[in-house]
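A.B. asks: One structure coming up, written as structure tokens, with questions to follow.
The values are calculated or read from the model by the stated rules, or taken from the named source; none is laboratory data. This structure is a prediction, so every number in the text was calculated from the model and none was measured. Cβ placement follows ideal geometry from the backbone for every residue including glycine, while neighbour counts extend to all protein chains displayed. Keep in mind that these areas ignore ligands, DNA and RNA; they rest on the heavy atoms of the full protein, side chains included. Shrake-Rupley method; radii C 1.70, N 1.55, O 1.52, S 1.80 Å.
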Amino acid sequence: MNKLIYLWLAVKTVFCTCQPDHRTNDFKKVKAHYKNSKIGKLPAVASESSGLANGKQPGTFWTHNDSGGKPELYLFDLDGKLLDTKAVPNAKNIDWEDLTHDDGGNLYIGDFGNNASQRNAFDIYRFNPENNSSERITFRYQSAAPDCESFFYHQGSLYLFSKNWGKDKWVKMYRLPAQVGEHTIAPSDSIRINAQVTSAAISPDGKTFALLTYGKVLLFDTAGDNIDFSKPKGCFRFSRKQTEAIEFLNNTDMLITNEQGGVYRTTFR
């Protein structure tokens, strides 16, 4: 990424606030409930961490690099030690942007970045690290393809969130079956957020989901089994350079990484 874009991101992060979200969507002020701490540094091989998912063993996490990186996943612990590297078979890293997992040991890798608006077909790789197998979920958008950098798995579906640039402040949600094949998707909900969404995650109990942006974290309650934007829960600032990945550690605490190698824990208190 060139220096001008880094400068733009730095400015956006510094001046990012939750005030518009408090006014427009009735997010609660929850800053006092969260403590943000830097707890480590990513392994050097994960030079542009862009996604996070819990590993099989507690305290371990998978990550991957951004566009153009090797089609590999890296397992690390909270001390920043590299524990394993898995090459994803029959995969190519065009623009890997986020990572999630299901309850059956599968990881889902979102190759759906589109910041140059030049793509119209996208892939999600379903990868099982135990048997080293991968399958491909392919999709297109029903209308113009947005940039997308975030998603999570919940009850057989993948929920994707657009990353909007310029004057378009509406974040769109898309629901995609977590099934191998070709799909066409359309927005299922939308919300006005004055920030670019870079990663998403859902709590283990399925009651809360989080959207990470450059400069803040937005929390939503789920509406029963439904995932939508109808129940904004809270917003707090998180200004730690280029934050690109988030994962729940438990039902309240979260792990966040940035592309500069920092590992941060956000603790509910």
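A.B. asks: Residues in the stretch 212-242, backbone N under 15 Å from the label point at residue 179 (7 Å along the Cα-to-beta-carbon vector): list them, ranges by number please.
C.D. replies: Counting only backbone N, you get no residues.
A.B. asks: Under a Cβ-Cβ limit of 4.7 Å, which cysteines in the chain have nobody to pair with?
C.D. replies: 16, 148
A.B. asks: I've got another one for you. Is the C-alpha gyration tensor of the chain telling us rounded, prolate or oblate? Criteria: a/c under 1.5 is rounded; beyond that, a/b larger than b/c is prolate, otherwise oblate.
C.D. replies: rounded
A.B. asks: Right, here's the next one. From the gyration tensor of the Cα coordinates in the stretch 106-216, what semi-axes in whole Å does the equivalent ellipsoid have, largest first, with each one equal to sqrt(5λ)?
C.D. replies: Result for the stretch 106-216: semi-axes of 22, 17, 12 Å.
A.B. asks: Another question, if that's okay. How far is it, in nm, from the label point at residue 239 to the one at residue 17 when both lie 7 Å from their Cα along the line to the Cβ?
C.D. replies: Calculated label separation equals 1.1 nm.
A.B. asks: Can you list residues from other chains, or at least 5 along the same chain, whose modelled amide H is less than 5 Å from the amide H of residue 260?
C.D. replies: Long-range HN contacts for residue 260: 242.
A.B. asks: Another question, then. Which whole-number percent gives the relative contact order of the chain, counting Cα pairs below 8 Å spaced six or more residues apart?
C.D. replies: 21
A.B. asks: Separate question: Leaving out ligands, DNA and RNA, and with a 1.4 Å probe, what % of the accessible surface on the stretch 50-89 is carbon or sulfur?
C.D. replies: Answer for the stretch 50-89 is 49 percent, counting heavy atoms of protein chains only.
A.B. asks: Under 5 Å between amide H atoms, partner at least 5 residues away or on a different chain: which partners does residue 178 have, H built in plane at 1.01 Å?
C.D. replies: 157, 158
A.B. asks: For the chain, give the magnitude of the charge dipole about the Cα centre (Cβ charges: +1 Lys/Arg, -1 Asp/Glu; no others), in debye to the nearest 20.
C.D. replies: Details: 33 positive and 30 negative charges, 248 e Å.
The dipole magnitude comes to about 1200 debye.
A.B. asks: Read phi for every residue in the stretch 253-268 and hand back ³J(HN,Hα) as whole Hz from Karplus 6.51 cos²θ - 1.76 cosθ + 1.60, θ = phi - 60°, with x for Gly and Pro.
C.D. replies: 8, 9, 10, 10, 10, 10, 6, 9, x, x, 10, 10, 10, 10, 10, 7
A.B. asks: Please give the contour-minus-distance gain from residue 85 to residue 25: 0.36 nm per residue of separation, less the Cα-Cα distance, rounded to one decimal in nm.
C.D. replies: 17.4 nm
A.B. asks: Something else now. Any idea what the dipole of the stretch 133-269 comes to, in debye rounded to 20, about its Cα centre with Lys/Arg Cβ at +1 and Asp/Glu Cβ at -1?
C.D. replies: I would put it at about 540 debye.
A.B. asks: Might you work out the accessible area of residue 265 for me, using a 1.4 Å probe with all protein chains in place, and round it to the nearest 10 Å²?
C.D. replies: Answer for residue 265: close to 80 Å² accessible.
A.B. asks: Which listed residue (53, 236, 118) has the Cα farthest towards the positive end of the charge dipole for the chain, taking +1 on Lys and Arg C-beta and -1 on Asp and Glu C-beta about the Cα centre?
C.D. replies: Result: 236, furthest along the dipole toward the positive end.
A.B. asks: While we're on this one: Taking the simple approach of a point 7 Å from Cα along Cα-to-Cβ for both residue 250 and residue 189, what is their distance in nm?
C.D. replies: 2.6
A.B. asks: Using alpha-carbon positions, what is the distance between the centroids of the stretch 169-213 and the stretch 215-267, in Å?
C.D. replies: A separation of 13 Å, based on Cα centres.
A.B. asks: Going by amide H atoms built from the backbone, whose H comes under 5 Å of the H on residue 249, apart from near neighbours?
C.D. replies: Counting only residues 5 or more places away or on other chains, the set is 254, 255.
A.B. asks: Right, next: First measure r as the distance between the Cβ atoms of residue 135 and residue 226, then evaluate 1/(1 + (r/R0)^6) with R0 = 25 Å and state the FRET efficiency to the nearest 0.05.
C.D. replies: About 0.40, to the nearest 0.05.
A.B. asks: Under a point-charge model restricted to the Cβ atoms of Lys and Arg (+1) and Asp and Glu (-1), what is the dipole moment magnitude of the stretch 5-128 relative to its Cα centre, in debye to the nearest 20? Intermediate results must be reported in sequence, preceding the final value.
C.D. replies: Details: 15 positive and 15 negative charges, 106 e Å.
The calculation lands at about 500 debye.
A.B. asks: Where a Cα-Cα gap under 21 Å defines reach, which lysines qualify for residue 167, not counting those fewer than 8 residues away within the same chain?
C.D. replies: Straight-distance partners of residue 167: 12, 216.
A.B. asks: For the chain, what does -39500 (n - 2.57) per DSSP helix run (n ≥ 4), summed and divided by total residues, give at 222 nm, in deg cm²/dmol to the nearest 500?
C.D. replies: About -2000 deg cm²/dmol.
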